[in-house]
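Colleague: Sending over a structure as structure tokens; questions will come in a sec.
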Amino acid sequence: QVQLVESGGGLVQAGGSLRLSCTASGRTFSSYAVGWFRQAPGKGREFVATISGSGATTYYADSVKGRSTISRDNAKNTVYLQMNSLKPEDTAVYYCATGAVIRATMPSDYPYWGQGTQVTVSS
């Protein structure tokens, strides 16, 4: 079993930045990939970025590529999502999830999920 807790969300103006954190407990964290997803009101859960257990492999959705960086610190059991040049369309609840598949983009590939953190970007 693994528990994931997201933090770092908030209200930011368009063009601003946020760094989201996902802290895990209860598992060999460095052995597993971590993905970030987001869900806007009335929409499905959308893939944002993923990172392998070692941190050597990362993959981004086109919608955030070039504006976001995913990284991890396995000594702290934490994965980060740095988001820059934020746009109003980035407004959503952001979730982190962990699983065994590298470069996985489907929610069904991740068995463990956090509760989410709200990101709101004002225009």
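The values are calculated or read from the model by the stated rules, or taken from the named source; none is laboratory data. As the structure is a computational prediction, the values presented were derived from the model and not from experiment. With ideal geometry, Cβ positions are generated from the backbone for all residues, glycine too; neighbour counts draw on all protein chains shown. Just the protein is used for accessible areas: all its heavy atoms, side chains included, with ligands, DNA and RNA removed. Shrake-Rupley method; radii C 1.70, N 1.55, O 1.52, S 1.80 Å.
Colleague: If you plug each phi of segment 17-23 into the Karplus form 6.51 cos²θ - 1.76 cosθ + 1.60 with θ = phi - 60°, what whole-Hz ³J(HN,Hα) values come out, in order, with x for Gly and Pro?
Modeller: Rounded to whole hertz, the list is 10, 9, 10, 8, 10, 10, 10.
Colleague: Residue separation times 0.36 nm, minus the C-alpha to C-alpha distance between Ser31 and Lys43: what's the value?
Modeller: 1.2 nm
Colleague: Across segment 48-59, in residue order, what do the Karplus-derived ³J(HN,Hα) couplings come to in whole Hz, using 6.51 cos²θ - 1.76 cosθ + 1.60 with θ = phi - 60° and x for Gly and Pro?
Modeller: 10, 6, 8, 9, 6, x, 7, x, 6, 10, 10, 8
Colleague: Name the shape class, rounded, prolate or oblate, that the alpha-carbon gyration tensor gives for segment 28-68, where a ≥ b ≥ c are the square roots of its eigenvalues, rounded holds for a/c under 1.5, and otherwise prolate holds if a/b is larger than b/c and oblate otherwise.
Modeller: On the way: a/c = 4.02, a/b = 1.63, b/c = 2.46.
Here segment 28-68 falls in the oblate category.
Colleague: Would you please give the residues with an amide H less than 5 Å from that of Arg72, counting only those at least 5 places away or on a separate chain, with H modeled from the backbone geometry?
Modeller: Here the answer is Tyr80, since their amide H atoms fall under 5 Å of that of Arg72.
Colleague: May I pose another question? Pop out the ³J(HN,Hα) list for segment 28-39 in order, Karplus 6.51 cos²θ - 1.76 cosθ + 1.60 with θ = phi - 60°, rounded to Hz; leave Gly and Pro as x.
Modeller: 3J(HN,Hα) across segment 28-39, in whole Hz: 6, 4, 5, 7, 10, 6, 10, x, 10, 10, 9, 9.
Colleague: Give me the percent of the accessible area of segment 11-97 that comes from carbon and sulfur atoms, probe 1.4 Å, all protein chains in place.
Modeller: 45 percent
Colleague: Please get the size of the charge dipole for the chain, origin at its Cα centre, with Cβ charges of +1 on Lys and Arg and -1 on Asp and Glu, quoted in debye to the nearest 20.
Modeller: For this selection, approximately 100 debye.
Colleague: Here is a follow-up. Would you mind checking which residues have amide H under 5 Å from Gly116's amide H? H placed 1.01 Å from N; only 5 or more apart, or other chain.
Modeller: Residues meeting the amide H criterion: Glu6, Cys96.
Colleague: Once amide H atoms are placed 1.01 Å from N in the peptide plane, what residues at a sequence separation of 5 or more from Gly16, or on another chain, have their amide H within under 5 Å of its amide H?
Modeller: Leu86
Colleague: Okay, next question. Given a 1.4 Å probe, how much area per residue of segment 33-106 is accessible, in Å²? Before the final figure, lay out the partial values.
Modeller: Working: 3270 Å² over 74 residues.
Value returned for segment 33-106: 44 Å² of accessible area per residue.
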